[in-house]
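What follows is calculated from the coordinates using simple rules that are stated; it is not laboratory data. Note that the coordinates shown come from a computational prediction; the quantities given were computed from them, not determined experimentally. Positions of Cβ are backbone-derived with ideal geometry, glycine not excepted, and every protein chain shown enters the neighbour counts.
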Amino acid sequence: MSWYLSLPLIIPFIAAITAFLLRHSALGRWVSIIGSGLGLLASLALMSVVLDAGVLAGQMGNWPAPFGITLVADLLSAVMVLITAITGFAVAIYALGDITERQEKLGYHALFQMLLAGVTGAFLTGDLFNLYVWFEVMLIASFGLLILNGGKEQIDGGVKYVALNLISTILFLTGIGLLYGMTGTLNFADLALKVEDVENQGLLTVVAMMFMVAFGVKAAVFPLFFWLPAAYHTPSFAVSAIFAGLLTKVGVYALIRMFTMVFDHDVSFTHTILLWVACFTMVIGVLGAAAQSDFRKILSFHIISQIGYMILGLALMTPLALVGAVFYLVHHIIVKANLFLIAGVAHKLTGSTEVYKIGGLYKSAPFLAILFLIPAFSLAGFPPLSGFWAKYIIVKATLDIQMWFVAFIALAVGLMTIYSMTKIWAEAFWKPHPDGIEPELKTLQNKTALLLPIAGLAIMTVIIGLNPEPFVQFAERTAAQLLDPSAYITAVLGDAS
Amino acid sequence: MEQLLSLLIGVLVAASVYLMLARNLLRFLFGLILLSNAANLTIFVAGRLTPGAPSIVPDGVDAPIDVVANALPQALVLTAIVIGFGLFAFALILAFRAYQSLGTLNTDEMRVAEPKEQ
């Protein structure tokens, strides 16, 4: 068993237990930060190993695959684990200034670390049922975080979030049962080999659709996204940032994994549905955002519309499109988490997230305004920021196969994104505050803890944007692995297969 | 046996959908637990049923001699039951807290976190 694979999982678990025991003392928050920092180092180590040695696989308890539980890190898993750790570290620091003492005593830091463990596990596992278990770890932690010390709003949003996510979980479980009945295995690598032998390929497509719906709910695609805008604007800002950055992306990751590796038997059917889903998701999400006036609600709807781009990359299934999907995934997590963190600072400075009720941030807190402009423009796809390259690759992929209409939708949605970002800019930053408040960053408590992660994530956006070449090359290698999973299969099952 | 259990799963799913379409949150949760039991049974049946043959390996050999029941789906179901139980307990408490703080279990009236209806 390789320590590189298990450390990114063990560290958050240990941190969670320690933080839980220390929840009544001020040490708990430092445990969370140190744990996230160590997790970041562990995932950096994993990344460097995977970059050098290719796919890394480890059998838990030394049961040989496909009988035991396998942990696998190919490039996609490794980059997702790394980006999870980066976001986790940033939010752990931000939590110093955002999470109240009451929430800490109720066990915020333990739940947060548990969430990171669940997300990391979902990215690393090579076994379908184990993926279900990690989904549950992630879900129960997110349930706790969502309603921690909550009032009416949090409970109300929580009910919808819990209800719809539980249904998707059960659907996922049913799909696992049926797929096991047809193939007799749950290991991804083994499944990839065995699905070809299934007699009734039509039934396999039915099961594929069950997975599509189950993961679709998690990823918040059209028409299954309703839980997201109902819940994401209610919890603490640190919590909603980590949710916005990571949770839906686990669904996208699961879709990419299953629909490139296992369910590639009837691409013309399944991926055509994905294509329509992607287009509707982009359009509905961005239109929903246009109708909102709450900082976080606008951003929540934009998560949905951006998920559409990633699904679009998967649906086209060309090498370039998958490059775009991977690039988009990484770019989006950084940018989206950052925007939610900024919403938190804006709320602390002005007292509200309703953009029509606040204002004046550009004049009194120009530094925050610049920090907002970077991820906001990146989200909308302005060159030279990371979002431009992500959108460029996806649109190029659609043009390459003459899907003019889809390319038009992708571009139009980008334009609409600018509209929403401009609305936040004009209302929250440019116009004077309606109550005449001139909120200054100086007055902010725990200023460093709040601004440091925002600045760090913004710098990452700029770096990816100014120097996209290595990141695109990385995404190309990742996409090649996704389209030809033979290295993955060999790493898991050995050469015998 | 498989056919009988499949029919039972169908009935469970039908009942759970009926319950989940109700506006009462508690009925929704009851529907949810029926659905999760249907899912567990699906895993069980999909692993093929071999009645009366426990998967026990006799002393002195490495593998079972005769045909035995598939133990893996049973292990999966067991895991799923435990996880489902935990989640359901959470959901029940959440429903109770929702009733306490919102004063209703009618899902149509649970709109605190959403925009006012026009």
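Some observations on this one:
- For the range B:63-116, the Kirkwood radius over C-alpha pairs fed into Stokes-Einstein at 20 °C and 1.002 mPa s yields D = 145 µm² per second.
- Longest segment of chain A lacking GluC sites (Glu not before Pro) that sit in a DSSP loop with at most 16 other Cβ atoms within 10 Å: A:200-439
- Compactness of the range A:157-202 is given as radius of gyration and Dmax, 14.4, 44 Å, from Cα positions.
- With Cα atoms, 0 to 90° folded angle of helix A:75-98 axis to chain A main axis: 20
- In units of the rule-of-thumb radius 2.2 N^0.38 Å, the protein assembly as shown shows an alpha carbon radius of gyration of 0.94.
- Two-decimal Rg to Rh for the range A:166-233 - Kirkwood Rh, Cα set: 1.08
- Mean shadow area of the range A:217-347, taken as a quarter of the surface of its Cα convex hull (nm²): 7.2
- In degrees, nearest ten, helix A:27-53 long axis to first principal axis of chain A (Cα): 40
- Extension gain, B:Leu26 back to B:Ala14 (0.36 nm per residue minus Cα-Cα distance, nm): 2.6 nm
- Ranking of A:Met416, A:Met60 by count of other Cβ atoms within 10 Å, fewest first: A:Met60, A:Met416
- The radius of gyration of the Cα set in the range A:274-432, together with its Dmax, comes out at 15.7, 49 angstrom.
- Rg over Rh, two decimals, the range A:19-165 (C-alpha only, Kirkwood Rh): 1.02
- Mean-position separation - Cα centroids, the range A:134-179 and the range A:3-57, in angstrom: 24
- Between A:Ile14 and A:Tyr356, the modelled label-to-label distance comes to 5.3 nm, taking each label 7 Å out from Cα in the direction of the beta carbon.
- Computed [θ] at 222 nm, deg cm²/dmol, chain B (DSSP H ≥ 4; -39,500 (n - 2.57); rounded to nearest 500): -22000 deg cm²/dmol
- Per residue of B:21-31, other chain Cβ atoms within 10 Å of the residue Cβ number 1 on average.
- Relative contact order of chain A, pairs being alpha-carbon contacts under 8 Å that are 6 or more residues apart, as %: 16
- Rg/Rg_ref, the range A:278-341, where Rg_ref = 2.2 N^0.38 Å and atoms are Cα: 1.15
- Per residue, the convex hull spanned by the Cα atoms of the range A:307-398 measures out at 92 cubic angstrom.
- Each of A:His331, A:His433, A:His233, A:His24 was scored by other Cβ atoms within 10 Å of its Cβ. Listed from fewest to most, they are A:His24, A:His433, A:His233, A:His331.
- Given A:Lys357/A:Lys396; A:Lys194/A:Lys396; A:Lys423/A:Lys447; A:Lys249/A:Lys431; A:Lys249/A:Lys396, the pairs whose alpha carbons are separated by over 30 Å: A:Lys357/A:Lys396; A:Lys194/A:Lys396; A:Lys249/A:Lys431
- Using R0 = 30 Å, the C-beta based FRET efficiency linking A:Trp276 and A:Met60 works out to 0.20.
- Shielding by partners for peptide B:97-108, expressed as the average number of C-beta atoms from other protein chains within 10 Å of each residue's C-beta, is 3.
- Note on A:Trp30 and A:Leu51: with the Förster distance fixed at 30 Å, the Cβ-Cβ geometry gives a FRET efficiency of about 0.45.
- Average silhouette area of chain B, convex hull of alpha-carbon atoms, in square nanometres: 10.3
- With at most 16 neighbouring Cβ atoms within 10 Å, loop chymotrypsin sites (Phe, Trp or Tyr not before Pro) (DSSP) excluded, longest segment of chain A: A:227-497
- Computed [θ] at 222 nm, helices only, for chain A once each DSSP H run of length n ≥ 4 contributes -39500 (n - 2.57): -25000 deg cm²/dmol
- Whole-angstrom Cα spans of the range A:95-158 along principal axes, big to small: 38, 26, 14
- The residues A:Ile311, A:Ile140, when put in order of fewest to most other Cβ atoms within 10 Å, stand as A:Ile140, A:Ile311.
- Separation of the range A:265-335 from the range B:52-118 is 30 Å, based on Cα centroids.
- Shape analysis of the range A:366-497 based on the Cα gyration tensor places the equivalent ellipsoid semi-axes at 39, 22, 11 Å, largest first.
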